[in-house]
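Participant: First, the structure itself, so that you have it in front of you.
The values are calculated or read from the model by the stated rules, or taken from the named source; none is laboratory data. Remember, it's a predicted structure, so these values are computed and weren't measured experimentally. Every residue, glycine among them, receives a Cβ derived from its backbone with ideal geometry; neighbour counts consider all protein chains shown. Protein only, heavy atoms only, side chains kept; ligands, DNA and RNA dropped before computing areas. Shrake-Rupley method; radii C 1.70, N 1.55, O 1.52, S 1.80 Å.
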Amino acid sequence: SADLLRLICDTDQGTVAVDRFRRLPGRGAWVHPSESCIRAASAPGRLSRAFRRQASFDADALRAALDLVG
């Protein structure tokens, strides 16, 4: 869906990033660009389970990137 964001896990560092153009390789996870979905995604182990590997997720950086802060 056009309103969902694709998150990907960097295979080298295990960090989570937004795949704005939905073309980056690797396993992805989809979230709504809303505070409640970002909060749910940042729950311990939630994205690690989606990516099937340990993933480091900075919810504040994602909020800032999506202009949800403030």
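Participant: Can you send over the carbon and sulfur percentage of the accessible area for the chain, probe radius 1.4 Å, protein chains only?
Facilitator: 51
Participant: So what is the accessible area of the chain per residue, in Å², with the probe set to 1.4 Å?
Facilitator: Here the per-residue accessible area is 67 Å².
Participant: Extending each Cα 7 Å along its Cβ direction at Ser34 and Asp67, get the distance between those two points in nm, one decimal.
Facilitator: So the two model labels end up 1.9 nm from each other.
Participant: Divide by every residue of the chain the summed helix terms, -39500 (n - 2.57) for each DSSP H run of at least 4, and state the resulting mean residue ellipticity at 222 nm, rounded to the nearest 500 deg cm²/dmol.
Facilitator: That calculation yields -7000 deg cm²/dmol at 222 nm.
Participant: Which longest run of the chain has no exposed loop site in it, a site being trypsin sites (Lys or Arg not before Pro) in a DSSP loop with at most 10 other beta carbons within 10 Å, and the site itself not part of the run?
Facilitator: In the chain, the maximal stretch lacking such sites is 24-51.
Participant: Then there's this: Just to be sure I understand: with springs between alpha-carbon atoms less than 10 Å apart, which residue in Ala55, Ala40, Ala17 has the highest mean-square fluctuation in the Gaussian network model of the chain?
Facilitator: The residue that fluctuates most here is Ala40.
Participant: Can you work out ³J(HN,Hα) from phi for every residue in the range 25-34, in order, using Karplus 6.51 cos²θ - 1.76 cosθ + 1.60 and θ = phi - 60°, giving whole Hz and x for Gly and Pro?
Facilitator: Values, residue by residue: x, x, 6, x, 10, 10, 9, 6, x, 10 Hz.
Participant: In nm, what is the difference between 0.36 nm times the number of residues separating Arg23 and Arg52 and their Cα-Cα distance?
Facilitator: Separation in residues times 0.36 nm, less the Cα-Cα distance, equals 8.5 nm.
Participant: Return the long-range amide H neighbours of Trp30 (sequence gap of 5 or more, or a different chain), with a cut-off of under 5 Å between placed amide H atoms.
Facilitator: The answer is Leu7.
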